[in-house]
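Worksheet: the structure to be examined is printed underneath.
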Amino acid sequence: MTRLLAIAFLIALSFVLIRYRTSEKLQKYLVVTLISGFLLYTTTLMITELMR
């Protein structure tokens, strides 16, 4: 559940930063962070389900 909240927070943060036209460099870092967070969540979920 904590991971879902973190992902929701990152999505909301990315929306705010893109909406208010922050620097392109910051937007790239945010997109990379968002994608890596989602991939990490998916990987963790798959590993925990396979261990059961």
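Quick note: the coordinates plus some simple rules give every number you see, no bench work behind them. Here the structure is a predicted model, which means the values were calculated and not measured. So basically every Cβ, Gly included, is an ideal-geometry build from the backbone, and we count neighbours across all protein chains shown.
Return yes when A6 is at negative phi, in contact (Cβ under 8 Å) with a residue 12 or more places away in the chain and part of a helix (DSSP H, G or I) and no when it is not. Answer is yes for this residue. Of the residues contained in the range 35-52, none is found to be surrounded by 10 or more Cβ atoms within 10 Å (Cβ to Cβ), outside any helix (DSSP H, G or I) and β-branched (V, I, T).
For the range 9-34, filtered to residues that are of a type in the set (K, R) and on the phi < 0 side of the Ramachandran plot, the residue that is surrounded by the most Cβ atoms within 10 Å (Cβ to Cβ) is K28.
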